[in-house]
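Enquirer: Have a look at the structure that comes next, please.
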Ligand SMILES: Cc1ncc(COP(=O)(O)O)c(C=O)c1O
């Protein structure tokens, strides 16, 4: 069969994720990998999940193994609604849709909101998985450049006048840069959006992984405050996940949104997977009871804060002065900025020979930019491996800078 001629036209622009492909090479035990967005596996609460699974099977076996509603398990929706509510915002269980990882949230949101060739505002760089989701729609991106304080919102009014269909932001400990939109910029952003009826997607998987300073209020909260309402009925569609605070293998995330949006997303989700695994929802509901999540997140913060600090100190020590990098207050990533003449994709080939891996930044960028950047994950490798990895990378960077007139070996 000539399969290519049978594939639907909309799949033409769909390609496999570079990171997922890269992970095949980086899982070799001798490679020190800073490539994936992997949580530390030794911190997965295996015993707690084992106990929860036993309890679920003993006490709720038949229901947990049955089909269930698309919206998700009522108890879990209530738990999440309560967690998202604050003094000024009251999120109801009906505002919550349980999804199969927040990646599914992004896919459903795209399917509900964008038509081919629409315009979408996003940060540049932004989350690679969202770019992959949006690819088949052949969109016109309206990219917003970023600095240490997140999106440079002064560029927004001009973009908003171009009638975008959607705006997508990862405002807190962003993937890939680890940067955070400051409180003042959040307020200014919400204010700037006032005259424009554009839905705002707030993708927020990392805000609980905070190591320095305070967690900024969500755009969802600030939006409701600016409208003077307590209920979730503004422009924000919020998504987050258990992947980074419990385990990504469970594949459970959620969307919080106004009721008409939830209604439409439910209809689209039905056609995708009917519902997220009933069994896994029961297990998570059992795991998170009694404040477990709070103590677990505290432990994650301690370990990841230490790893971030070790990575930053080692970079300071080993990296040449021509190179700079972001200083994240939380999350799992930081970004390295190289001199313009170094291409991080070419550098990666060299790095793999040194048995160290990162993700070239170009895949997080739109508009053919970011060739001289790469992303490092600091949650997965142990402190000695982080130290050794930065040493190898530092040497590699020094070599690349010294040889700037020579083509890099590929
Ligand atoms: C910004 C962002 N959004 C969404 C996701 C998807 O997460 P999951 O599908 O595991 O919930 C990730 C994963 O790395 C991410 O970094």
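The values are calculated or read from the model by the stated rules, or taken from the named source; none is laboratory data. Please read these numbers as outputs of a predicted model, since none were measured by experiment. Positions of Cβ are generated from backbone atoms using ideal geometry, with glycine treated the same way; all protein chains shown enter the neighbour counts.
Enquirer: Restricting attention to the range 1-20, and to residues there that are more than 21 Å from residue 379 (Cβ to Cβ) and in a helix (DSSP H, G or I), which single residue is modelled with the lowest pLDDT?
Expert: It comes out as 10.
Enquirer: Further question on the same structure: Just the residues that are assigned to a loop (DSSP other than H, G, I, E, B) and more than 10 Å from the ligand (Cβ to nearest atom), please, taken from the range 108-143.
Expert: 114, 115, 116, 117, 118, 125, 138, 139
Enquirer: Tell me whether the range 152-164 contains one or more residues that are within 18 Å of the chain's Cα centre (by Cα) and either within 14 Å of the ligand (Cβ to nearest atom) or over 30 Å from residue 78 (Cβ atoms) (or both). Let's see the steps before the verdict.
Expert: Keep residues of the range 152-164 that are within 18 Å of the chain's Cα centre (by Cα), which gives none.
No, the conditions are met nowhere in the range 152-164.
Enquirer: Next question. Does any residue of the range 94-107 turn out to be within 16 Å of the ligand (Cβ to nearest atom) and at positive phi?
Expert: Scanning the range 94-107 turns up at least one residue that is within 16 Å of the ligand (Cβ to nearest atom) and at positive phi.
Enquirer: Here is a follow-up. Of all residues in the range 52-75 being touching a residue at least 24 places away in the same chain (Cβ under 8 Å) and assigned to a helix (DSSP H, G or I), which is surrounded by the fewest Cβ atoms within 10 Å (Cβ to Cβ)?
Expert: Residue satisfying both the conditions and the ranking: 63.
Enquirer: Would you call residue 299 within 16 Å of the ligand (Cβ to nearest atom), in contact (Cβ under 8 Å) with a residue 40 or more places away in the chain, in contact with a helix residue (DSSP H, G or I) (Cβ under 7 Å, 6 or more places away or on another chain) and assigned to a helix (DSSP H, G or I)?
Expert: Working: within 16 Å of the ligand (Cβ to nearest atom): no; in contact (Cβ under 8 Å) with a residue 40 or more places away in the chain: yes; in contact with a helix residue (DSSP H, G or I) (Cβ under 7 Å, 6 or more places away or on another chain): yes; assigned to a helix (DSSP H, G or I): yes.
Judged against the criteria, residue 299 is not a match.
Enquirer: Just to be sure before I move on: is residue 222 within 22 Å of residue 104 (Cα to Cα), away from the ligand (no atom under 16 Å from the Cβ) and crowded, with 21+ Cβ neighbours inside 10 Å in the structure I sent? I'd like the intermediate steps shown before the answer.
Expert: Numbers: within 22 Å of residue 104 (Cα to Cα): no; away from the ligand (no atom under 16 Å from the Cβ): yes; crowded, with 21+ Cβ neighbours inside 10 Å: yes.
Answer is no for this residue.
Enquirer: Looking at this structure, is residue 307 modelled with pLDDT of 95 or more, part of a helix (DSSP H, G or I) and within 21 Å of the chain's Cα centre (by Cα)? Full working, then the answer.
Expert: Values: modelled with pLDDT of 95 or more: yes; part of a helix (DSSP H, G or I): yes; within 21 Å of the chain's Cα centre (by Cα): yes.
Yes.
Enquirer: Being more than 11 Å from the ligand (Cβ to nearest atom), in a loop (DSSP other than H, G, I, E, B), farther than 23 Å from residue 13 by Cβ and in contact (Cβ under 8 Å) with a residue 24 or more places away in the chain is true for just one of 146, 179. Which residue is that?
Expert: Details: 146 fails: in a loop (DSSP other than H, G, I, E, B).
So the residue among 146, 179 that is more than 11 Å from the ligand (Cβ to nearest atom), in a loop (DSSP other than H, G, I, E, B), farther than 23 Å from residue 13 by Cβ and in contact (Cβ under 8 Å) with a residue 24 or more places away in the chain is 179.
Enquirer: Of the residues 286, 294, only one is more than 16 Å from the ligand (Cβ to nearest atom), part of a helix (DSSP H, G or I) and farther than 25 Å from residue 332 by Cβ; which? Break it down into steps so the answer makes sense when it comes.
Expert: Numbers: 294 fails: farther than 25 Å from residue 332 by Cβ.
Result: 286 is the single residue among 286, 294 that is more than 16 Å from the ligand (Cβ to nearest atom), part of a helix (DSSP H, G or I) and farther than 25 Å from residue 332 by Cβ.
Enquirer: Across the range 201-233, what is the total count of residues that are in contact (Cβ under 8 Å) with a residue 60 or more places away in the chain, part of a loop (DSSP other than H, G, I, E, B) and over 22 Å from the mean Cα position of the chain (by Cα)?
Expert: Summing the residues that are in contact (Cβ under 8 Å) with a residue 60 or more places away in the chain, part of a loop (DSSP other than H, G, I, E, B) and over 22 Å from the mean Cα position of the chain (by Cα) in the range 201-233 gives 2.
Enquirer: How many of the residues making up the range 112-134 are more than 17 Å from the chain's Cα centre (by Cα), touching a residue at least 40 places away in the same chain (Cβ under 8 Å) and surrounded by fewer than 22 Cβ atoms within 10 Å (Cβ to Cβ)?
Expert: 6
Enquirer: Test residue 23 against the criterion of being under 26 Å from residue 102 (Cβ atoms), at pLDDT below 95 and within 16 Å of the ligand (Cβ to nearest atom), and give yes or no.
Expert: Working: under 26 Å from residue 102 (Cβ atoms): yes; at pLDDT below 95: yes; within 16 Å of the ligand (Cβ to nearest atom): yes.
The answer is yes for residue 23.
Enquirer: If a residue must be within 15 Å of the ligand (Cβ to nearest atom), in a helix (DSSP H, G or I) and closer than 17 Å to residue 77 by Cα, how many such residues does the range 239-264 contain?
Expert: The total comes to 1.
Enquirer: For the range 182-200, enumerate the residues that are over 23 Å from the mean Cα position of the chain (by Cα) and either closer than 25 Å to residue 378 by Cα or assigned to a loop (DSSP other than H, G, I, E, B) (or both).
Expert: Matches in the range 182-200: 194, 195, 196, 197.
Enquirer: Would you point out the residue of the range 351-389, among those that are part of a helix (DSSP H, G or I) and free of Cβ contacts under 8 Å to residues at least 60 places away in the same chain, that is nearest to residue 319 (Cα to Cα)?
Expert: 351
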